[in-house]
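In what follows, a structure is listed as structure tokens, so that the remarks can point back to it.
Just so it is clear, none of the values below were taken in a lab; they were calculated from the coordinates. Quick caveat: nothing in here was measured; it's all calculated off a predicted structure. Positions of Cβ are backbone-derived with ideal geometry, glycine not excepted, and every protein chain shown enters the neighbour counts.
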Amino acid sequence: MTNCYVHKEALSVGTCVSCGKFICENCNTELKGKNTCKKCVDELFVENLRKMDKLEDTSKAQQPMVFMNAGGGGGAASSSSSGSGDLARDPVYTKSKVVAGLLAILLGTFGVHKFYFGKWIQGILYLIFFWTYIPALLGIIEGIRYLVLSDDDFAQKYDKGYRA
């Protein structure tokens, strides 16, 4: 048997799985059933602390702090976070102008595009007068108008759930 690399007079009980050196009973720390010397345990501990600090620093740098005012009042925190303009948000569309345009052109005779927008009364009027072909003509005109409009103009005019 060999002696411990730290305590030269003590017999070793095994080798450290990290550094491979012989260790005695006093130097041995068992991690997950494996022998590890105290020096390697300290190094692992310090390395993990550095990793945690680094993660905390990067998470603080990447995520801006946002204050929310549930009361709706214009406090300093809410006005500074919403008025900065740093966070560019994509607009949220709930209705598609392509779907609306195709419904109006292909099924405008029956007012399907009006039902798509939630305008039930207009949709029912289209259904009542579909036999006159007037709703078909209006559907084609409206469908072309939907498709020609820009996304924002379409959403402002026809999309009730639009958020810019």
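Can you give me the ranges of the helices (runs of 4 or more DSSP H) entirely in region 113-160 with at least 1 residues that are surrounded by fewer than 19 Cβ atoms within 10 Å (Cβ to Cβ), out of contact with any helix residue (DSSP H, G or I) (no Cβ under 6 Å at 6 or more places or on another chain) and in contact (Cβ under 8 Å) with a residue 40 or more places away in the chain?
Passing ranges, in order: 134-148, 151-158.
Would you check if CYS4 is free of Cβ contacts under 8 Å to residues at least 40 places away in the same chain, in contact with a helix residue (DSSP H, G or I) (Cβ under 7 Å, 6 or more places away or on another chain) and surrounded by 13 or more Cβ atoms within 10 Å (Cβ to Cβ)?
No, not satisfied.
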